[in-house]
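Peer 1: Quick one: this structure, given as structure tokens, is what I'll be asking you about.
The values are calculated or read from the model by the stated rules, or taken from the named source; none is laboratory data. This structure is a prediction, so every number in the text was calculated from the model and none was measured. Every residue, glycine as well, gets a Cβ built from its backbone with ideal geometry; the counts of neighbours run over all protein chains shown. Heads up: the accessible areas ignore ligands, DNA and RNA and are worked out on the full protein's heavy atoms, side chains in. Shrake-Rupley method; radii C 1.70, N 1.55, O 1.52, S 1.80 Å.
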Amino acid sequence: MVVFLTPDHGKRKGYAYGARSLRSRFGAALEPLAKVRIGYIEKESEEIVRIESIDLVRSLFPAQQDLLRSVSATYIAEMIDTFAPANDPAELLYRLLDRTTGALLDGVPAMPVVAYAEIWILRLAGILPSTRNCFQCHEALDRPLRFDPSVGFVCANCARRDSYIVPNEVANALDAIGKLPVTEFAARTTPADTLFEVRSLAGTLRRNFLGHELKSFEVLAAVVR
């Protein structure tokens with residue numbers, strides 16, 4: 001069984017018969033997170049397709065020789081797998097996965113790429129609240145931002161006891177992620193503690209939405225430590 005992401009049809013699943021054979025016609029094209037051209041046959045009554053051909057476009061194998069890059073790629077893949085729609089267009093998610101894994105392959109530092117992916121996946125899934133208007137009263141937000149873990153960003157008047165102030169450098173990083181390509185964001189050399197705060201905010205939103213944490217999150221945290 002192969003899970004793959006397409007720009008036009010979202011997340012799909014397919015059987016690649018004979019893939020485990022030593023003489024498999026698919027070869028290295030079924031490596032995790034490989035970018036491929038795939039040919040498949042689907043029947044109207046079945047959700048799972050039959051994979052007929054796979055041509056390798058780009059392998060992530062070189063990046064996977066480094067532990068941090070390998071685990072980061074796995075974490076990004078799990079996020080995409082969790083939030084990608086099945087059988088619906090997912091061009092923006094596809095481009096995000098393509099560019100973030102490509103950045104890891106090109107040697108871009110892993111943690112800015114991870115933080116970038118975390119925020120953008122939440123944004124594309126409609127989970128990331130606006131940083132421009134208060135979630136409660138919809139008035140324009142001023143700096144510093146205030147974050148209520150149960151709802152999102154709020155103004156000073158709507159802030160509750162458990163709301164906390166988001167440092168301006170974290171708010172600036174959020175703005176930069178929304179405006180810049182991943183390679184340009186990574187080139188800003190954002191301090192590690194700022195990236196940690198960005199990722200912590202993303203994690204709070206993700207856990208509140210899913211009700212649990214992703215399996216690879218703790219693995220990545222252990223590698224980073």
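Peer 1: With charges set only on the Cβ (+1 for Lys and Arg, -1 for Asp and Glu), what does the dipole of the chain come to about its Cα centre, in debye to the nearest 20?
Peer 2: 300 debye
Peer 1: If I model a spin label at GLU47 and ASN208 as a point 7 Å from the Cα along the Cα→Cβ vector, what separation in nanometres do I get?
Peer 2: 2.9 nm
Peer 1: So what's the net charge close to ASP148: Lys and Arg +1, Asp and Glu -1, counting the other residues with Cβ under 12 Å from its Cβ?
Peer 2: Surrounding charge for ASP148 is +2.
Peer 1: Taking the Cα atoms of region 163-225, report the difference between the largest and smallest coordinate on each principal axis, in whole Å and largest first.
Peer 2: Principal-axis extents of the Cα atoms in region 163-225, largest first: 30, 30, 20 Å.
Peer 1: So, one more: Calculate the length of the line joining the C-alpha centroid of region 158-225 to that of region 20-89, in whole Å.
Peer 2: When both Cα centres are located, 27 Å separates them.
Peer 1: Now, a different point. Rounded, prolate or oblate, given the Cα gyration tensor of region 1-92, with a/c below 1.5 counting as rounded?
Peer 2: Oblate, because a/c is 1.5 or more while a/b does not exceed b/c.
Peer 1: Here is a further query. Relative contact order, percent, of the chain when contacts are C-alpha pairs under 8 Å separated by at least 6 residues?
Peer 2: In percent, rounded to a whole number, it is 18.
Peer 1: List the chymotrypsin sites (Phe, Trp or Tyr not before Pro) within region 17-47 that fall in a DSSP loop (any state other than H, G, I, E or B) and whose Cβ has at most 13 other Cβ atoms within 10 Å.
Peer 2: Qualifying residues, ordered by number: TYR17.
Peer 1: What is the Å³ per residue value for the convex hull set by the Cα atoms of the chain?
Peer 2: Per residue, the Cα convex hull of the chain comes to 139 Å³.
Peer 1: With a Förster radius of 22 Å, plug the Cβ-Cβ distance of ASP193 and VAL219 into 1/(1 + (r/R0)^6) and report the FRET value to the nearest 0.05.
Peer 2: Rounded to the nearest 0.05, the efficiency is 0.50.
Peer 1: Please report the carbon-and-sulfur percent of the accessible area for the chain; probe 1.4 Å, protein heavy atoms only, DNA, RNA and ligands left out.
Peer 2: For the chain, the apolar C and S fraction of the accessible surface comes to 51 percent.
Peer 1: List the GluC sites (Glu not before Pro) within region 1-50 that DSSP assigns to loop and that have no more than 12 neighbouring Cβ atoms inside 10 Å.
Peer 2: GLU44, GLU46, GLU47
Peer 1: Once the piece of chain linking ASN168 and ARG37 is laid out straight, how much longer is it, given 0.36 nm per residue of separation minus the C-alpha distance between them?
Peer 2: 42.8 nm
Peer 1: Using a Gaussian network model of the chain whose springs link C-alpha atoms within less than 10 Å, name the residue from LEU201, LEU68, LEU92 with the highest mean-square fluctuation.
Peer 2: LEU92
Peer 1: Now a separate question. How much area per residue is accessible in the chain when the probe is 1.4 Å and only protein heavy atoms are counted (Å²)?
Peer 2: Result: 56 Å² per residue.
Peer 1: Hey, what did region 143-212 get for relative contact order, percent, Cα under 8 Å, at least 6 apart?
Peer 2: This gives 27 percent for region 143-212.
Peer 1: In degrees from 0 to 90, rounded to the nearest 10, what is the angle of the helix 110-124 Cα long axis to the longest principal axis of the chain?
Peer 2: 80 degrees
Peer 1: If SER59, SER21 are ordered by their accessible area, calculated over protein heavy atoms with a 1.4 Å probe, which sequence runs from highest to lowest?
Peer 2: SER21, SER59
Peer 1: Still on this structure, please answer the following. Using Cα springs under 10 Å in a Gaussian network model of the chain, which residue among GLY107, GLY27, GLY211 shows the largest mean-square fluctuation?
Peer 2: With Cα springs under 10 Å in the chain, the top fluctuation among GLY107, GLY27, GLY211 is at GLY211.
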